[in-house]
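**Q** Dropping the structure in here first, questions after.
The values are calculated or read from the model by the stated rules, or taken from the named source; none is laboratory data. Keep in mind it's a predicted model, so treat the numbers as computed, not measured. No Cβ is skipped: glycine too gets one built from the backbone with ideal geometry, and neighbour counts run over all protein chains shown. Keep in mind that these areas ignore ligands, DNA and RNA; they rest on the heavy atoms of the full protein, side chains included. Shrake-Rupley method; radii C 1.70, N 1.55, O 1.52, S 1.80 Å.
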Amino acid sequence: MDDGLRMVQSRACGAWTLPGDPTCAGVARRLFRMVASGLALEPDAVDDGVTMVSELAANTLHAQQGQPAPANPELWLYLRGSGPRAELVCKVFDTIPGWVRGHAPGRSIARAPAESMSGRGLEVVHALSSGRWGHHLSRARLVSSGLRGKTVWFGLPAPQAGRDTRWAAGAETPASAGEAVDELEKDLDTRGFAGKLLRADDPGADMAAFSIESGLTVWCRSGAAWLRAPGTSVQQWGYYDLVEVAEQTVQAHETTVAMAERGTTMATVSRTCG
């Protein structure tokens, strides 16, 4: 557990496998409290985060509906942003299919009926995070094959962590664009993209870039990283946010793949019905 906290403090991503049984939520609560307390989050924020991660972990079990998932859920924790705007991002990942078929949770949360015994998990997350939550397609971090799946996340303010971490102080920031892309490539390799990145480096200009497919490109130069993905505007981060750059890259790739697969399926259905 302490190793996970040190990873988060150094601006890496702490990742833990959660049990695929009723102890899932309890394990997630303990891990979150350990990291959030170690980062000196406000006590009320820690308590809110514990409640939210419990809801997200429990949801992975409810979604299984008695069917075993391809892999156990995962808990991911990392810092995003710097200084007073830093936040602790908490994500619960699972490999249970469904969202690409149109069942993604909406941003407008419908209130569960008063007599309902369940269905309030995302209401709780929405309220306690003040709307700082979301969901997206992704890939596993702890399974070598990079299994495809989905994640629900929330963010909590972590200004003290933004001031105190070694990375924020600049001690571990990549010294060059090539080193920044090395870090991104290492992360993506563990998630099933090994050998699939087309990379180009220009050390003289302190610039390095890679692409996964047409239209999806990441490039780094002089302390900044950019992502260009189909259907979105170009996004930019500092080198202290390379975990977020990798997360956004995987999300963009998986969304593009899902849309293409859905289009192929609809075309096949259309031809069959015609």
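Yes or no, residue by residue, for (1) farther than 14 Å from Tyr239 by Cβ; (2) open to solvent by 60 Å² or more (accessible area, probe 1.4 Å); (3) touching a strand residue (DSSP E or B) at 6+ places or on another chain (Cβ under 7 Å):
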position	(1), (2), (3)
Gly178	no, no, yes
Val181	no, no, yes
Leu184	no, no, yes
Asp187	no, no, no
Thr190	yes, yes, no
Leu197	yes, no, yes
Pro203	yes, yes, no
Ala209	yes, no, yes
Trp219	no, no, yes
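**Q** Search segment 200-228 for residues being touching a His at 6+ places or on another chain (Cβ under 9 Å) and of a type in the set (A, V, I, L, M, F, W, C), and hand back the single one that is farthest from Glu183 (Cα to Cα).
**A** Leu216
**Q** Among the residues of segment 24-43, is there at least one that is at pLDDT below 90 and touching a Ser or Thr at 6+ places or on another chain (Cβ under 9 Å)?
**A** no
**Q** Let me ask something else. Would you mind stating whether Met7 is at pLDDT below 95 and either farther than 21 Å from Val125 by Cα or open to solvent by 10 Å² or more (accessible area, probe 1.4 Å) (or both)?
**A** Yes; evaluated as a whole, the condition is true for this residue.
**Q** Tell me, yes or no, whether segment 11-29 has at least one residue that is surrounded by fewer than 22 Cβ atoms within 10 Å (Cβ to Cβ), touching a residue at least 60 places away in the same chain (Cβ under 8 Å) and closer than 19 Å to Gly131 by Cβ.
**A** no
**Q** Would you please name the residue that is surrounded by the fewest Cβ atoms within 10 Å (Cβ to Cβ), looking only at residues in segment 221-241 that are farther than 18 Å from Thr256 by Cβ and aliphatic (A, V, I, L, M)?
**A** Once the filter is applied, the top-ranked residue is Ala224.
**Q** In this structure, does Ala86 turn out to be open to solvent by less than 50 Å² (accessible area, probe 1.4 Å), at pLDDT 85 or above and of a type in the set (A, V, I, L, M)?
**A** Yes; evaluated as a whole, the condition is true for this residue.
**Q** Follow-up. Name every residue in segment 30-45 that is in a helix (DSSP H, G or I) and surrounded by fewer than 20 Cβ atoms within 10 Å (Cβ to Cβ), in order of residue number.
**A** Arg30, Arg33, Met34, Ser37, Gly38, Pro43, Asp44, Ala45
**Q** Continuing with the same structure: Which residue pairs have Cβ atoms closer than 7 Å, lie 6 or more positions apart in sequence or on different chains, and pair a first residue in segment 237-255 that is in a helix (DSSP H, G or I) with a second residue that is of a type in the set (Asp, Glu)?
**A** Taking only residues 6 or more apart or on different chains, the pairs are Leu242/Glu183; Ala246/Asp187.
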